[in-house]
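Scroll down for the structure; my scribbles are underneath it.
Please treat every number below as a calculation from the coordinates, not as lab data. Bear in mind the structure is a predicted one, so any value in this text is a computation, not a measurement. All Cβ positions, glycine included, derive from the backbone under ideal geometry; neighbour counts span all protein chains shown.
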Amino acid sequence: MKFRLHSALTVLAAMAALAAAQGASAQSAGQWTFKGGLGKITPHVTSGDVSAPALPGSKADVNSDTKPIFAVAYGLTDNVSVELDLGLPYKHEISGAGAIEGVGVVGTVKSLPPTLFAHYRFFKPDATVRPYVGLGATVAYFASETGSGRLTTLSDIGGPPTTFSIKNKVAATLQVGATYAINARWFLDANISKTWLKTRVSFSSGQTQDMQLDPQAVTLAVGYKF
């Protein structure tokens, strides 16, 4: 599912129609909030070719993963807040694509994408439903890159096991979501975000590969305000 801004705005408009009911705020000036839940990251991969020596058209794909997430936020005003999103590392399988589609899993990697957001929250703090939009900076950190025997076969037959590393990057993230006030302290939060991320894979056998990952994240969480 591709991230479409006009679709997100349609969702916000629908939520606006639900916001007539008044209740406890999910964020106001000078207020701290904490939330925890689950996040699913789905990379939307545009893969470059593995550089020579490799079978021409050797590409890769990356699967999705779901992990616990948590975030802390502070209200600068009744409508503007800053939020730091964290969580447990995601683990992704990397599979062959293009000319090597069908070879199966060639490696795994863990990713940790902490993101600092600036949010604008619509409506007054006492609205039961508060849609929001956010712009953030994501640090895409990769670790525990592990190649499989298939990777060695494809990259350096007869050589030592092939390892690889993925370059860490800072990337822009756009987010839309909404909170629903359960009572004076507790709230529900749902959001979807898109990160524009391009990185490079380097193999111990000497090849490189450029990867446009552009992950989409969906999170559902329960929050508490202090």
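Stretched out straight at 0.36 nm per residue, the stretch from residue 122 to residue 226 would grow longer than its current Cα-Cα span by 35.4 nm.
Each helix, a run of at least 4 DSSP H residues, gives -39500 (n - 2.57); summed and divided by the residues of the chain, these come to -3000 deg cm²/dmol at 222 nm.
Give me 150, 121, 185 ranked fewest to most by other Cβ atoms within 10 Å of their Cβ, as a rough exposure proxy. Please report the intermediate quantities before stating the final value.
Details: 150 17, 121 26, 185 13.
Lowest count first: 185, 150, 121.
Exposure proxy shown here: for 192, 41, the number of other Cβ atoms within 10 Å sets the order, fewest to most, as 192, 41. In this rough spin-label picture, where each label sits 7 Å from Cα along the Cβ direction, the residue 88-residue 38 distance is 1.2 nm.
Give me the net charge of residue 169's neighbourhood, meaning all other residues with Cβ under 10 Å from the Cβ of residue 169; Lys, Arg count +1, Asp, Glu -1.
Numbers: positive: 167, 198, 200; negative: none.
With Lys, Arg at +1 and Asp, Glu at -1, the neighbours total +3.
The count of lysine pairs in segment 5-225 whose Cα atoms are under 19 Å apart, excluding pairs fewer than 8 places apart on the same chain, comes to 24.
Over the chain, Cα pairs under 8 Å with separation of 6+ residues give a relative contact order of 25 percent.
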